[in-house]
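Please read the structure below before turning to the comments.
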Amino acid sequence: MDIGQFTLHATMEDRHWWFVGRRELIFEILRRYVSPNNEKHILEIGCGTGGNLRFLGKFYRVTGMDIAPEAVRHARERVDCPILNADFGDTYSNVFTDVDAVLLADVLEHVEDDRGFLSDILMRLRSGGVVVITVPAYDFLWSNHDIVLGHVRRYSRKQLLSIRQGLPVDMKYCTSFNSLFFPLIALYRLLPHGASRESDLTLPPAPINNLLLALFRLEKFLLKIRPLPWGVSLMMVLQKR
């Protein structure tokens, strides 16, 4: 991931409609499987600059982990919780002792061996522990935005579901999200943009940002009825047997 993106994320992720809306959707689904309680422990692997930790820390005990020093520096300045500058290998296996849920928020698309990565996490996670995963959807939406953010792939629903095959988990939930904006985002991504080295992330003027967030929040209510069939992103919840 382009190092400049960490500074960009840190400056806008508490306000930008996409980050705020995604956090709220993650919490809406997570609370179905792990009741909000400050004794419940959530580990976010790939915590970035700490926006999810700031929010989830209101409801749970949280720990962050990221392999990028620049991301960890920003997160430690912004969040009052343990944040480890590390991978989750054997050195930090003890972190998993009392973890109730692992959050992988737009992480797997950065990993070459995504199934092996998930398998290693599950090996350390206690029985009954939950893994909440979000990833970007659809190869045809691939753009310079993905390149700048260091993505290896985007996922179809079939691809995302397939990475759990043969692992000691039950699939508890799967849905698309960011569905209401899907047609507009798809149209924008399919337009030629040259060889820009910038991501699509910009903070709109406050009235537009608030409107987009209000529309995105509608999905929380739609997801109470049923999973959504299409969207710019996918979410999956797994539980270790």
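Please treat every number below as a calculation from the coordinates, not as lab data. If you're wondering where the values come from, they're calculated on a predicted model, not measured in any experiment. Here the Cβ positions follow ideal geometry from the backbone for every residue, glycine too, while neighbour counts run over all protein chains shown.
If one takes the longest principal axis of the Cα atoms in the chain, at what angle in degrees, from 0 to 90 and to the nearest 10, does the Cα axis of helix 69-78 lie?
Tilt relative to the chain: about 90 degrees.
Give the Debye-formula value of log10 I(q)/I(0) at each listed q (0.10, 0.12 Å⁻¹), with one equal scatterer per alpha carbon of the chain, two decimals each.
-0.44, -0.66
What ranking of 215, 201, 108, 184 emerges when the number of other C-beta atoms within 10 Å of each C-beta is taken as an exposure proxy, fewest first?
Values: 215 13, 201 16, 108 23, 184 10.
Lowest to highest Cβ neighbour count: 184, 215, 201, 108.
Against the longest principal axis of the chain, how steep is helix 114-124, in degrees 0 to 90 to the nearest 10, with axes from Cα atoms?
30 degrees
222 nm [θ] for the chain, helices only, -39500 (n - 2.57) per DSSP H run of 4+, per residue, to 500?
On the way: 9 runs with 93 residues, N = 241.
Calculated mean residue ellipticity at 222 nm is -11500 deg cm²/dmol.
Taking a quarter of the surface of the Cα convex hull of the stretch 14-124, what do you get in nm²? Don't jump to the answer; show the numbers that get you there.
Numbers: hull surface 27.4 nm².
Over every viewing direction, the Cα hull of the stretch 14-124 projects on average to 6.9 nm².
Exposed loop chymotrypsin sites (Phe, Trp or Tyr not before Pro) only (DSSP loop, at most 16 other Cβ atoms within 10 Å): please give the longest stretch of the chain free of them, not including the sites.
On the way: sites that count: 142, 230.
No qualifying site falls inside 1-141, the longest such stretch.
With each label point set 7 Å from Cα along the Cα-Cβ vector, what nm distance links residue 202 and residue 86?
4.1 nm
Cut-off is 10 Å between beta-carbons; in what order do 208, 45 appear when sorted fewest neighbours first?
Working: 208 11, 45 22.
Arranged by neighbour count, lowest to highest, 208, 45 become 208, 45.
Report the label-to-label distance for residue 241 and residue 211 in nanometres (one decimal), using points 7 Å from each Cα along the Cα→Cβ vector.
For residue 241 paired with residue 211, the spin-label model returns 5.1 nm.
Can you compute the modelled spin-label distance between residue 126 and residue 171, with each label point 7 Å from Cα toward Cβ, in nm?
Going by the 7 Å Cα→Cβ label model, 2.8 nm.
Which of 14, 100 has the fewest other C-beta atoms within 10 Å, and how do the rest follow up to the most? Don't skip to the end; give the middle numbers.
Numbers: 14 16, 100 21.
Arranged by neighbour count, lowest to highest, 14, 100 become 14, 100.
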